[in-house]
Amino acid sequence: MTEQRVNQDAQPTPRIPNGGASPIRQTPRNNVVIVAVIAVVLILGGFFFIKNRVVVSRDQLASNITKAVQKQDSKLFLKQFSKDDQDLKYSEIGAKSVVKDMHNHSRDSLSEVGRIIIDGQRVSGTHAKYHFSVESKRVLGLFTSYYLTTRRTPIRVLDYTGSGGPVTVKLEDADNQQLSKQQLSSGFFPGKYNLKVRSGDSEDDYWIWPNGDGETIDLTLTSDD
């Protein structure tokens, strides 16, 4: 009798019907929407990054030049030029002397130096009347970015010493590195360069100061006799 009552009281384990609740699954359409949103965010972020970090407006260019002169920051100053100008050998030496010259001798307010240059004018009071031009380029076909350019100044050595010996030119500002004829003729970035020139048995100190107009500078060697 006892066994019969136990079987009667037993209840079957409830089962969830097939049509009941089930985990939510993302459809392919949801995945496409998420990917599209992420892509838009990345594209917009890239545009803002390029505009703020790569694109230089005229006002920003003027501000960068002014800041470089005020702080005598030759690296920042050189960074405002075209890549070709930046890559020119010994351009850092020239740029260093330019910002120093402007900082120490400008008769214009240093806060206006950048604006003066991008307006195509010359900073007054400096040793040289520097020739800088403002150029522009398109970035991604959407933004206009501005930068400076200048012209290289070739150096021609004229030896009138009568020594008959070979002429060697060394750049004191670069640990007396010897300059080849090709380096002299290829041109220099604006600024002052201190040279040590030997002709035969005689050696003298010279300096050149290109201003960016592209005109060849004649380095004339004469005898002291």
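The values are calculated or read from the model by the stated rules, or taken from the named source; none is laboratory data. All values reported here derive from a predicted model rather than from experimental measurement. For neighbour counting, all protein chains shown are included, and Cβ atoms are generated from backbone atoms with ideal geometry for every residue, glycine included.
Here are some notes:
- Residue match in the range 101-120 (condition: surrounded by fewer than 19 Cβ atoms within 10 Å (Cβ to Cβ) and within 23 Å of GLN183 (Cβ to Cβ)): no
- For ASN211, the conditions (1) in a loop (DSSP other than H, G, I, E, B); (2) among the polar types (S, T, N, Q); (3) surrounded by fewer than 18 Cβ atoms within 10 Å (Cβ to Cβ) all hold with the exception of (3).
- The sole residue among GLY191, GLY212, GLY141 that is closer than 22 Å to ASP84 by Cα, in contact with a His (Cβ under 6 Å, 6 or more places away or on another chain) and small (Gly, Ala, Ser) is GLY212.
- If you go through the range 189-208 and keep only what is outside any strand (DSSP E or B) and within 31 Å of the chain's Cα centre (by Cα), you end up with PHE189, PRO190, GLY191, LYS192.
- For the range 52-103, the tally of residues that are of a type outside the set (A, V, I, L, M, F, W, C) and touching a Leu at 6+ places or on another chain (Cβ under 8 Å) stands at 12.
- First in the range 176-204 and at positive phi, second anywhere and in a loop (DSSP other than H, G, I, E, B) and at pLDDT 95 or above, Cβ under 6 Å, 6 or more apart: GLY187/ARG152; GLY187/PRO154
- Cβ pairs under 7 Å, 6+ apart, first in the range 83-106 and touching a residue at least 40 places away in the same chain (Cβ under 8 Å) and at negative phi, second aromatic (Phe, Trp, Tyr) and in a loop (DSSP other than H, G, I, E, B): ASP85/PHE189; LEU88/PHE189; SER91/PHE189; GLY94/PHE189; ALA95/PHE189; VAL98/TYR130
- Helices (runs of 4 or more DSSP H) lying entirely in the range 34-111 (those with 1 or more residues that are β-branched (Val, Ile, Thr) and at pLDDT 95 or above): 58-70, 91-105
- Only residues that are within 33 Å of the chain's Cα centre (by Cα) and outside any strand (DSSP E or B) were counted in the range 145-172, giving 4.
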